[in-house]
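Step one of this worksheet: look at the structure below.
The values are calculated or read from the model by the stated rules, or taken from the named source; none is laboratory data. Note that this is a predicted model, so its numbers are computed, not measured. Don't worry about glycine lacking a Cβ; one is built from the backbone with ideal geometry, like all the others, and counts go over all protein chains shown.
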Amino acid sequence: MDIYLVGGAVRDKLLGRPFTERDYVVVGAAPDDLLALGYRPVGKDFPVFLHPKSGEQYALARTERKTGPGYYGFATRFSPDVTLEEDLARRDLTINAMAERADGTVLDPYGGQRDLEARLLRHVSPAFVEDPLRVLRVARFAARLAPLGFTVADETLHLMREIVAAGEMRALVPERVWVETERALGEDTPAVYFEVLRACGALAEVFPEVDALFGVPQPPKWHPEIDTGVHTLQVLDVAASLSRDTTVRFAALVHDVGKALTPRDQWPSHFGHEATGAKLIEKMAERLRVPTEHRDLAVLVARHHARVHRVGEQRPGTILELLEMTDAFRRGERFERFLLACESDARGRGPELRAAPYPQASQLRSALAAASAVKLPPEILEKEKGPIIAERLRAARITAIRSLNAA
């Protein structure tokens, strides 16, 4: 029985990147061999065990054979006679198909170290086309490693296009699409994930609402980048620089999806795209099983980002309405994320505006603080009923916001 460290830990060690998870493959063993050593079984489709002390994952070497469409359409064979090379051959990318012995020796049958040096994401074998999930994984790795100069190899991008053309992306379950997407949103350059998906045609399959934005023009006066799809990825770039929160980044990604539904004869204007986009996001979230927190923030940003941009022109009563509609008084943390997404939209309009100030956020924070500090006199609270108290409180909050403008 031989045990090897495999996958991301080997890759990241060679790249000098930090890592926390270690996965191992066991060659020359059967399930009973690991059970006798105290390993705990956790795998259903194939034997994966947890080390009795460290809790790290150990999987028996295995091979896979395509039996049907999608991510789950595989037959798995595990046996003591499966070699390390056979196990590594079923992996997606060469940089993920390396193993390390206990003495630190790296085993690299498919050229992973060569591709690390060349900064290339390259498939291990033609069997790459058998699993549509690999399209999303490659795009996610591209988003993770783009800061190091990695790109997708041309031949691998060609196979990704073949997967899309064969209709395989439609076999992916929504939950799996979202898991890969949320992980990609958490990377340093999440926009690269969507760029790669678009380059191979997969964006139209998994995020048609975002793909439809490319080629849709906007007024050059407000959007020097003109193309709505280009603007969307620029906004996502800014959001990634402002926050690591994936709810903020998702809201940035979908804030303008309503513009794809604007009739062509109205271009480049997009009157009413905010409400249209909010409805579209709700449908998208239902289709992809997007978590409620992500969906709710995205809907708020889509519906109200234009109001935030114009807050300096608004009356105190209108500003209070915006605070109420975004539930800012009760959900201050979410309101902060809301403002970050709106700021990303304002600054995601070409490189010259990337570092532009966004005073609207400070204005709304001040308005919220002033309105939240309002307290009604005890005699009003004792004598009046609910509706009157609410009316008095609202009037007092408007006065507090107006005093900010006067100052």
Q.
I'm checking my understanding of the structure. Among residues of region 305-325 that are touching a residue at least 24 places away in the same chain (Cβ under 8 Å) and among the β-branched types (V, I, T), which one is surrounded by the fewest Cβ atoms within 10 Å (Cβ to Cβ)?
A. V311
**Q.** Residue check, L233 in contact with an Asp or Glu (Cβ under 8 Å, 6 or more places away or on another chain), of a type in the set (A, V, I, L, M) and at pLDDT 95 or above
**A.** yes
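Every residue, every condition in (1) buried (at least 19 other Cβ atoms within 10 Å of the Cβ); (2) more than 21 Å from T63 (Cα to Cα), yes or no:
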position	(1), (2)
Y110	yes, no
R114	no, yes
L145	yes, yes
D154	no, yes
A165	no, yes
V177	yes, yes
**Q.** Matching option when the condition is outside any strand (DSSP E or B) and either in the same structural domain as M1 (by TED's automatic domain parsing) or crowded, with 20+ Cβ neighbours inside 10 Å (or both), among R77, R91
**A.** R91
Q: Write out, first by first residue and then by second, each pair whose Cβ atoms fall under 9 Å of each other, whose residues are 6+ apart or on separate chains, and whose first residue, in region 121-145, is closer than 16 Å to E64 by Cα and outside any helix (DSSP H, G or I) while the second is at pLDDT 95 or above and among the aromatic types (F, W, Y).
A: V124/Y110; S125/Y110
Q. How many residues are farther than 19 Å from Q218 by Cα and within 25 Å of the chain's Cα centre (by Cα) if we restrict to region 309-350?
A. 14
**Q.** Residue that is farthest from H123 (Cα to Cα) [pool: residues in region 152-173 that are in contact with a helix residue (DSSP H, G or I) (Cβ under 7 Å, 6 or more places away or on another chain) and not in a helix (DSSP H, G or I)]
**A.** L172
(Q) Quick check on my filter: what residues within region 202-231 are closer than 16 Å to S269 by Cα and part of a helix (DSSP H, G or I)? (A) T228, G229, H231
Q. Of the residues that make up region 238-255, is at least one surrounded by fewer than 19 Cβ atoms within 10 Å (Cβ to Cβ) and under 30 Å from A153 (Cβ atoms)?
A. yes
Q: Could you tell me which of the residues E205, E195, E209, E225 is in contact with a His (Cβ under 7 Å, 6 or more places away or on another chain) and acidic (D, E)?
A: E225
Q. If R295 satisfies every condition in (1) under 27 Å from the mean Cα position of the chain (by Cα); (2) at pLDDT 95 or above; (3) not in a helix (DSSP H, G or I) but one, which is the exception?
A. (3)
Q: Among what's in region 271-290 and is out of contact with any Asp or Glu (no Cβ under 8 Å at 6 or more places or on another chain) and in a loop (DSSP other than H, G, I, E, B), pick the residue that is surrounded by the most Cβ atoms within 10 Å (Cβ to Cβ).
A: V290
Q) Taking only pairs six or more apart or across chains, which ones have beta-carbon atoms under 7 Å, a first residue in region 348-362 that is among the polar types (S, T, N, Q), and a second residue that is not in a loop (DSSP other than H, G, I, E, B)? A) Q360/V308; Q360/H309; Q360/V311; Q360/G312
Q.
So, G38, is that one on the phi > 0 side of the Ramachandran plot, exposed (fewer than 15 other Cβ atoms within 10 Å of the Cβ) and at pLDDT 85 or above or not?
A. yes
Q: Output yes when any residue across region 22-29 is of a type in the set (A, V, I, L, M, F, W, C), assigned to a helix (DSSP H, G or I), at pLDDT 90 or above and touching a strand residue (DSSP E or B) at 6+ places or on another chain (Cβ under 7 Å), and no when none is.
A: no
